[in-house]
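J.: To start, I am sharing the structure in question, which I have written as structure tokens.
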Amino acid sequence: MSEKPMPETTWDADEFGWFGGEGAWGGRFMPEALVAALEELTVAYNEAMADPEFVKAFEDSLVDYANVPSPLYEAKHLSEQYGVRILLKREDLNHTGAHKIRNVLGQALLTKRMGKTRVIAETGAGQHGVASATAAAYFGLDCTVYMGAVDTRRQALNVARMELLGAKVIAVESGSATLKDAINEALRDWVASVDHTAYLFGTAAGPHPFPSMVRDFTRGIGDEARAQCLAKYGVLPDAIAACVGGGSNAIGLFTAFLDDADTAIYGFEAGGDGVETGRHAATIVAGGSGVLHGARTYVLQDDDGQTIESHSISAGLDYPGVGPQHAWLAASGRATYEAVTDAEAMKAFQHLARTEGIIPAIESSHALAGALRLAPKLAAEKGKDAILLINLSGRGDKDMGTALDYFNLGEPTGETA
């Protein structure tokens, strides 16, 4: 499936956080009050990653606490149906139920190293909030989580989990009351408390160094999957797939495969009611170059360059921007991004539950739906031994309210946006 020539380039950012060259994607567009804090974070992060003791402590926490490496599971019923080998990277089996725990353990450990005592975080689906509250409890840090008011209703179970873990959850009522607005409020908090507070950014977006830092803390997803695939099948996958909102689970998977020209890379964005309706979160597919939350990237915006509201049935993908490295991968042609509608995602959600006995997060269901759309083409080109690897980034417990409403399985909960 990989017919495009590999561009001669580096996939990493330069020292100023630019992907694809200065002025292309990324950078740092922030108020003066946060520039010193971001520079302090950059220096601390670079020093930590060069320190074998820090790296070992991070890796030990992943193994001993977070239950990684996660398994690579061959979904045999799906494979039989679609005529290719379909592999699921089971990040849903990590402690707290998603890939998010990898990122926050790294950032919380760095917070302790920097001598700070409090963390703040933003969350959409609640998985990053739960992971942040968990890491804060584990490392003995105070924790405040900002969450859009709409999302607190969609993800009430995760709000309860965060509070049980000792975090203060602040419902944000401004704007569309979703992830974008939660990030805005978290940034305001950070400006006022930066001397003792670290911002545990939840996705591979935002100003430098967050996109690179989040990627590096989550890249174990791809490193493990690549090694597991080689050990089990003796070859690399023909194609890999992940859902993309901000893009942390996707960049965590993609990074290990960027130089493998024969492995095609697919990211699936939230198509909502359909890109043509305007009610979606397909930022790369239907957005344009702009600046959001401190970085130049693809943004959903109107003719005047103002950011517009996104829509997705998945709170975790309901974001009008995307991480800048994804913007670079799309612009360079190394990765392909497509939209998956709410209806397609929910069909895949139900299909995986009934064929493999696995209930995925609705975010992950977007990756599954997109990958199953590709499977017939892959089967025709490569045959039944072709390998299609999908990152199952989270489990669906948190989404049961939405599923109950969508499939009319019980009394309405009102959680379907």
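The values are calculated or read from the model by the stated rules, or taken from the named source; none is laboratory data. For clarity, every value in this text was computed on a predicted model and none was experimentally measured. A quick note on method: Cβ atoms are made from the backbone with ideal geometry, for glycine too, and the neighbour counts reach across all protein chains shown. Note: accessible area is taken over every heavy atom of the protein model, side chains too, but ligands, DNA and RNA are not part of it. Shrake-Rupley method; radii C 1.70, N 1.55, O 1.52, S 1.80 Å.
J.: Report, as a whole number in µm² per second, the diffusion coefficient that Stokes-Einstein gives for the stretch 10-83 at 37 °C and 0.692 mPa s using the Kirkwood radius over alpha carbon pairs.
T.: Numbers: Rh = 16.4 Å.
Answer, rounded: 200 µm²/s.
J.: Too long at a 23 Å Cα-Cα cut-off: which of Lys100/Lys382; Lys180/Lys347; Lys56/Lys168; Lys232/Lys347; Lys76/Lys347; Lys112/Lys180?
T.: Details: Lys100/Lys382 33 Å; Lys180/Lys347 27 Å; Lys56/Lys168 30 Å; Lys232/Lys347 30 Å; Lys76/Lys347 19 Å; Lys112/Lys180 27 Å.
Over 23 Å apart, Cα to Cα: Lys100/Lys382; Lys180/Lys347; Lys56/Lys168; Lys232/Lys347; Lys112/Lys180.
J.: Between Arg373 and Asp64, what is the spin-label point distance in nm, taking each point 7 Å from the Cα along the Cα→C-beta axis?
T.: Output for this residue pair reads 4.5 nm.
J.: Right, another one. With each label point set 7 Å from Cα along the Cα-Cβ vector, what nm distance links Ala156 and Asp302?
T.: Simple spin-label model gives 3.4 nm for this pair.
J.: Cα gyration tensor of the stretch 172-309, axes a ≥ b ≥ c as square roots of the eigenvalues: rounded (a/c below 1.5), prolate (a/b > b/c) or oblate? Let's see the in-between values first.
T.: Values: a/c = 2.62, a/b = 1.43, b/c = 1.83.
Oblate is the answer for the stretch 172-309, as a/c is 1.5 or above yet b/c matches or exceeds a/b.
J.: Could you work out how far the C-alpha centroid of the stretch 40-113 sits from that of the stretch 262-336, in angstrom?
T.: Here the answer is 24 Å between Cα centres.
J.: Assuming 0.36 nm per residue, please report the length gained on full extension of the stretch Asn408 to Asn184 beyond their Cα-Cα distance.
T.: Gain in length upon complete extension: 77.2 nm.
J.: Comparing Ala371, Ala108, Ala160, which has the greatest mean-square fluctuation in the GNM of the chain with Cα pairs linked when under 10 Å apart?
T.: Ala160
J.: Another one. Quick check: at a probe of 1.4 Å, how many percent of the accessible area of the chain sits on carbon and sulfur atoms?
T.: Details: 7790 of 15430 Å².
In the chain, the share of accessible area belonging to carbon and sulfur is 50 percent.
J.: Oh, and also: Sort the stretch 263-414 into rounded, prolate or oblate with this rule: let a ≥ b ≥ c be the square roots of the eigenvalues of the Cα gyration tensor; rounded if a/c is under 1.5, and if a/c is not under 1.5, prolate when a/b is larger than b/c, oblate otherwise.
T.: Details: a/c = 2.20, a/b = 1.16, b/c = 1.89.
The shape class here is oblate.
J.: For the chain, count all C-alpha to C-alpha pairs, find those more than 42 Å apart, and express that count as a whole percent of the total. If you can, show how the numbers build up before the last one.
T.: Values: 5212 of 86736 pairs.
Of all Cα-Cα distances in the chain, 6 percent exceed 42 Å.
J.: I need the peptides 307-314, 256-263 ranked by packing, meaning the mean over residues of other C-beta atoms within 10 angstrom, with the highest value on top.
T.: Numbers: 307-314: 22.8, 256-263: 17.0.
Put in order of decreasing packing, that is 307-314, 256-263.
J.: Within 10 Å, count the other beta carbons around each residue, average over each peptide in 98-104, 178-184, 67-73, and list them highest first. Could the numbers behind the result be given before it?
T.: Working: 98-104: 29.9, 178-184: 25.4, 67-73: 17.7.
Ranked from most to least packed, the peptides come out as 98-104, 178-184, 67-73.
J.: Taking the chain as a Gaussian network, Cα atoms linked when under 10 Å apart, which of Met213, Met147, Met49 shows the biggest mean-square fluctuation?
T.: For the chain, modelled as a Gaussian network with Cα springs under 10 Å, the answer is Met49.
J.: Could you run the Karplus curve 6.51 cos²θ - 1.76 cosθ + 1.60 with θ = phi - 60° over the stretch 72-86 and give me ³J(HN,Hα) per residue in whole Hz, x for Gly and Pro?
T.: Calculated HN-Hα couplings, in order: 10, 10, 8, 7, 6, 5, 4, 4, 5, 5, 9, x, 9, 7, 10 Hz.
J.: Moving on. Under a crude label model (7 Å from the Cα following the beta-carbon direction), how far is Arg113 from Ala36 in nanometres?
T.: Modelled inter-label distance: 2.3 nm.
J.: Let me ask another. Amide H to amide H, which residues 5 or more places from Arg395 or on other chains are under 5 Å from it, using H placed in the peptide plane?
T.: Those lying under 5 Å, H to H, from Arg395 are Ala361.
J.: Mind checking which of Leu141, Leu34, Leu329 has the largest fluctuation in a GNM of the chain, springs on alpha carbons under 10 Å?
T.: Among Leu141, Leu34, Leu329, the largest mean-square fluctuation in the Gaussian network model of the chain belongs to Leu34.
J.: Here's something else I'd like to know. Per 0.36 nm of contour for each residue apart, how much would the distance between Glu74 and Phe16 grow if the chain were fully extended, relative to their Cα-Cα spacing? Please report the intermediate quantities before stating the final value.
T.: Working: separation 58, 0.36 × 58 = 20.88 nm, distance 4.05 nm.
Stretched fully, the Glu74-Phe16 segment lengthens by 16.8 nm.
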